[in-house]
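Visitor: The structure under discussion is supplied below as structure tokens; questions concerning it will follow.
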Amino acid sequence: MSGQRTLLVLGGTVYLSKAVAKAAVERGSRVTVAARGASGEPPEGVEFVRIDRSSPEGVAPLAGRSFDAVVDVSRIPAQVGPVLDALADGAGHWTFVSSISVYADPSARGDRTLEPSSADETETSLELYGRNKVTCENLVRERLGDRAFVPRPGLIVGAGDNSDRLGCWPLRIAEGGEVLAPGRPERQVQWIDVEDLAAWILDAGERGVVGTFDAIGRPIAMERFLHGIADTLIGLGVIEARPEFTWVPQDFLAEHGVNPWAGPDSLGLWLPEPDYDGMVSHDPESAFGAGLATVSLATTIERWWKANADAPRLTAGLTREKEGTVLGIWHDRERTFEVPTPENFVGP
Ligand SMILES: NC(=O)c1ccc[n+]([C@@H]2O[C@H](COP(=O)([O-])OP(=O)(O)OC[C@H]3O[C@@H](n4cnc5c(N)ncnc54)[C@H](OP(=O)(O)O)[C@@H]3O)[C@@H](O)[C@H]2O)c1
């Protein structure tokens, strides 16, 4: 029997869970990945076990097996019970990847979480997402007790991202010209690099870190974010100089059909104020105290660019046509605004 560490990743065929499995292989662990195999391929070097966790029978191939650590990313409460029944007793450490979407009030920093959904909930939807995560967290903590580690990530960015909420920015900036920048330059943004999160999850398993944490980097101003991306692209030889950023107030953007955060006609990562003040001001210090380490923005952009720029999925971002239209109306508005002079000034 070797002293090789054993890790089970429930998932492991896409994005974060795949990054965890890949990084664990690179660390020399014996890695098992269990999924249906519907979303993608597991990374090289792992044992793949085909399961469908929607029923106890579906997880039978794993029943009775023991692992030093288990990592789960589920979004569906009814799919958590079967894996806990099969594996909790034989797990040294259990990571459940939750989300900052568990918090009840996105407008304020706070600890209050949403009402949990039912433990036998089988549906997943945008409306149920946060409530489902609360329920999944509770099920894991109840069963694993002091072996449970529950990181709550904010926006995860990096290679394999299927939403490109960050990626739309380096791609746009690389095209040059006048770039529409949203809201106030001081407005904060926050994210976590997928590789940093994967590394922290593995470290936590190895060091026995337990508890519940917001898993997010320190917030920075949107202007620093956009300039940092431009400077990184200059360093990579993609562009020669920072483009011109035109800052347009959020109300004007809303009036002209520019959406925040994600999806069509959006400016990725950006969240309006004050409704989402809580979403961009999570306190990561307890996570940093528990071993989270984050790379610089430049490293994240460089990683993203090398992994995704050739074939971005781009489900976020504005078309150049839409951006040009909005900028045009914004400048027309500036031009038609008559600057008061001492001669025509009408007092209050
Ligand atoms: N993306 C973000 O910005 C963000 C932010 C905050 C939190 N999070 C959380 O971070 C985690 C991301 O996880 P992820 O990147 O690995 O993506 P994911 O889409 O949550 O992956 C789900 C995994 O579970 C497997 N799976 C789904 N249904 C299954 C079933 N019935 N039986 C067995 N396996 C099943 C999938 O593989 P198969 O389909 O092949 O079975 C896949 O590998 C999630 O927990 C998400 O809620 C994400």
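Visitor: Is it the case, given these coordinates, that A108 is open to solvent by 40 Å² or more (accessible area, probe 1.4 Å), touching a residue at least 60 places away in the same chain (Cβ under 8 Å) and among the aliphatic types (A, V, I, L, M)?
Guide: Considered against the rule, which asks whether it is open to solvent by 40 Å² or more (accessible area, probe 1.4 Å), touching a residue at least 60 places away in the same chain (Cβ under 8 Å) and among the aliphatic types (A, V, I, L, M), A108 comes out as yes.
Visitor: Moving on to the next point. Which ones in the range 13-58 are out of contact with any Ser or Thr (no Cβ under 9 Å at 6 or more places or on another chain) and acidic (D, E)?
Guide: Within the range 13-58, E26, E44, D52, E57 qualify.
Visitor: Having 2 or more residues that are of a type in the set (F, W, Y) is the bar; report the strands (runs of 3 or more DSSP E) wholly within the range 160-256 that clear it.
Guide: Answer list for the range 160-256: 244-248.
Visitor: Also: Kindly evaluate I192 against the criterion of being open to solvent by less than 10 Å² (accessible area, probe 1.4 Å) and out of contact with any helix residue (DSSP H, G or I) (no Cβ under 8 Å at 6 or more places or on another chain).
Guide: Here the answer is yes, as I192 does meet what is asked.
Visitor: Still on this model: Anything in the range 201-220 that is open to solvent by 30 Å² or more (accessible area, probe 1.4 Å) and over 23 Å from V9 (Cβ atoms)? List them, or say none.
Guide: Within the range 201-220, R218, P219 qualify.
Visitor: Going by the conditions given, is F67 more than 21 Å from the chain's Cα centre (by Cα), closer than 22 Å to W200 by Cβ and crowded, with 16+ Cβ neighbours inside 10 Å?
Guide: Yes; evaluated as a whole, the condition is true for this residue.
Visitor: Here are the criteria: (1) within 13 Å of the ligand (Cβ to nearest atom); (2) under 23 Å from the mean Cα position of the chain (by Cα); (3) aliphatic (A, V, I, L, M). Tell me which single one A108 does not satisfy.
Guide: (1)
Visitor: Please state which one of E142, E115, E121, E137 is away from the ligand (no atom under 13 Å from the Cβ) and not in a loop (DSSP other than H, G, I, E, B).
Guide: Testing whether each residue is away from the ligand (no atom under 13 Å from the Cβ) and not in a loop (DSSP other than H, G, I, E, B) leaves just E142.
Visitor: Restricting to the range 7-45, give me the number of residues that are among the polar types (S, T, N, Q), farther than 18 Å from A215 by Cβ and crowded, with 20+ Cβ neighbours inside 10 Å.
Guide: Going through the range 7-45 one residue at a time, the tally reaches 3.
The values are calculated or read from the model by the stated rules, or taken from the named source; none is laboratory data. What you see is a predicted model; the values in this text were computed from it and never measured. Using ideal geometry, Cβ is built from the backbone for each residue, glycine included, and neighbour counts are taken over all protein chains shown. Accessible surface is based on the protein model in full, side chains and every heavy atom, while ligands, DNA and RNA are left aside. Shrake-Rupley method; radii C 1.70, N 1.55, O 1.52, S 1.80 Å.
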